[in-house]
1. Just give me the residues in the range 29-65 being more than 15 Å from the chain's Cα centre (by Cα) and not in a helix (DSSP H, G or I), in sequence order.
2. Looking at (1) surrounded by fewer than 15 Cβ atoms within 10 Å (Cβ to Cβ); (2) at pLDDT 85 or above, which is the one condition that is false for N105?
3. From the list G121, G79, which one is without any contact (Cβ under 8 Å) to a residue 12 or more places away in the chain and at negative phi?
4. Any idea which of (1) surrounded by 14 or more Cβ atoms within 10 Å (Cβ to Cβ); (2) under 17 Å from the mean Cα position of the chain (by Cα) is the one E88 doesn't satisfy?
5. Considering H140, H109, which residue is of a type outside the set (D, E, K, R), over 21 Å from R42 (Cβ atoms) and either in contact with a helix residue (DSSP H, G or I) (Cβ under 7 Å, 6 or more places away or on another chain) or touching a residue at least 24 places away in the same chain (Cβ under 8 Å) (or both)?
6. Output the number of the condition that A159 fails; it satisfies all remaining conditions of (1) surrounded by 13 or more Cβ atoms within 10 Å (Cβ to Cβ); (2) under 27 Å from Q45 (Cβ atoms); (3) free of Cβ contacts under 8 Å to residues at least 24 places away in the same chain; (4) not charged (D, E, K, R).
Amino acid sequence: MSDFDTDNLHGFDDEQLPPSRSQVKREMEALQELGKRITELRPDQQAQVPMDERLANAVAEMRRISSHGARKRQLQFIGKLMRTADAEAIREAVDRFDSASAAHNQLFHALEQWRERLISGDNDVLQAYIEEHPQVDVQHLRQLVRNAKKERDQNKPPAQARKLFRYLREISERD
């Protein structure tokens, strides 16, 4: 480095320096990878990810593309659109659906706990769930809980308990 460059850098903190080209490239690749994770979600899950219209259209277009090269270019385009998007909000939404993420596991365990409380509890537990999730179909929920309790009392395989869990998961995805 010349004396001019060295002198110029001494007055700056690390925060004031522009990011290196390598750092910019790593950030762009991370955004592209996040875009890839969005494309791997089911359409109903993609609808719950906070994206602007251009990004949503680019993700939807990805389903139509079959050529490897075209898919790669489309992922690069999605990565480019991700630069202006709220990547943190998108990452949180995608993590809710990613079975390997801690957020997904936490949601899954909470749903399992609700299911167990509903099956082994009384009407107070059911009422608490209904108050927490007012959009629930109360009659359908009561029927599922009743069937799961009956199934447990008869020592049958937990088919009705699984149906109840699926319904609770569906309700949580609507929230």
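The values are calculated or read from the model by the stated rules, or taken from the named source; none is laboratory data. Keep in mind that what you see is a predicted model, and the values were worked out from it rather than measured. Don't worry about glycine lacking a Cβ; one is built from the backbone with ideal geometry, like all the others, and counts go over all protein chains shown.
1. Selection gives D52, I65.
2. Only one criterion is unmet by N105, namely (2).
3. Exactly one residue qualifies, and that residue is G121.
4. It is condition (1) that E88 fails.
5. Answer to the check: H140.
6. That leaves (1) as the condition not met.
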